[in-house]
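Everything below concerns the one structure shown next.
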Amino acid sequence: MRGQLIKRYFITGLLIWVPLVITVWVLSLIVDTLDQSLRLLPEVLQPKNLLGFSLPGIGALLTLAMILLTGFLATNFIGQKLVVWWDKLLLRIPVVNSVYKAVKQVSDTLFAPNGNAFRKALLIQYPRPGAWTIAFLTGVPGGDICNHLVGDYVSVYVPTTPVPTSGFFLMLPRQDVVELDMSVDEALKYIISMGVVAPPPRPRAAPAKTTT
């Protein structure tokens, strides 16, 4: 009996401390990464030289300020011209142009306010019939691929768990995918938790009654 109580207390303590420790670790990792932007400042303006000690988080604030300032400047006429000029310059540099173009296309697709990437959670059979997993709709096949696919196809991204940033790109017949009544955030939580954090069930709408 006492052993069961100790086990219960231990598990309860783990449930409290594990999420807190992981959250602090992730936040500190992000802050440490963003603090690397302080290297862009001249030696005289380094916070350590100005204040006499290091202050964690200054680099994160500097990075956020730089992103906001860049977005503000890029929204006016002169800023837009500079962005176009910068894009053309990078696209003329060998090797850099191919990497920059690919990354820009992906980022424009993912972060565009009117984009449709990752807007729908799907249920598909993968990696074999009878085994189901969650995928995200990314669009429809394009280019010469359309000349070789017969029928209506969709492009989907199948993330891995618990790290959804890696995964597989598939093109499947539209009839083989099931659109879920689940937000992208709920689907990502479900994937990251390896199926532990399931989204709340939603009742199916009752079929409309027909009158004769």
> Roughly how much of V197 is accessible, in Å² to the nearest 10, using a 1.4 Å probe?
Replying inline: 80 Å²
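Can you tell me the length gained on complete extension of the stretch D144 to L69, counting 0.36 nm per residue apart and subtracting the Cα distance? Mind showing how you got there, number by number?
Values: separation 75, 0.36 × 75 = 27.00 nm, distance 4.04 nm.
Using 0.36 nm per residue and subtracting the Cα-Cα distance, I get 23.0 nm.
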> How many times 2.2 N^0.38 Å is the alpha carbon radius of gyration of region 129-172?
Replying inline: 1.30
> So which lysines can K101 reach, going by Cα to Cα under 17 Å and dropping same-chain residues fewer than 8 places off?
Replying inline: K88
> Quick one: Karplus J couplings for region 120-126, per residue in order, coefficients 6.51, -1.76, 1.60, θ = phi - 60°, nearest Hz, x for Gly and Pro?
Replying inline: 9, 9, 10, 10, 10, 8, 7
> Using a 1.4 Å probe, how large is the accessible area of T75, given in Å² and rounded to the nearest 10?
Replying inline: 100 Å²
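The values are calculated or read from the model by the stated rules, or taken from the named source; none is laboratory data. Nothing here was measured: the structure is a model prediction, and the numbers come from that model. Surface accessibility is based on the protein's heavy atoms, side chains included, excluding ligands, DNA and RNA. Shrake-Rupley method; radii C 1.70, N 1.55, O 1.52, S 1.80 Å.
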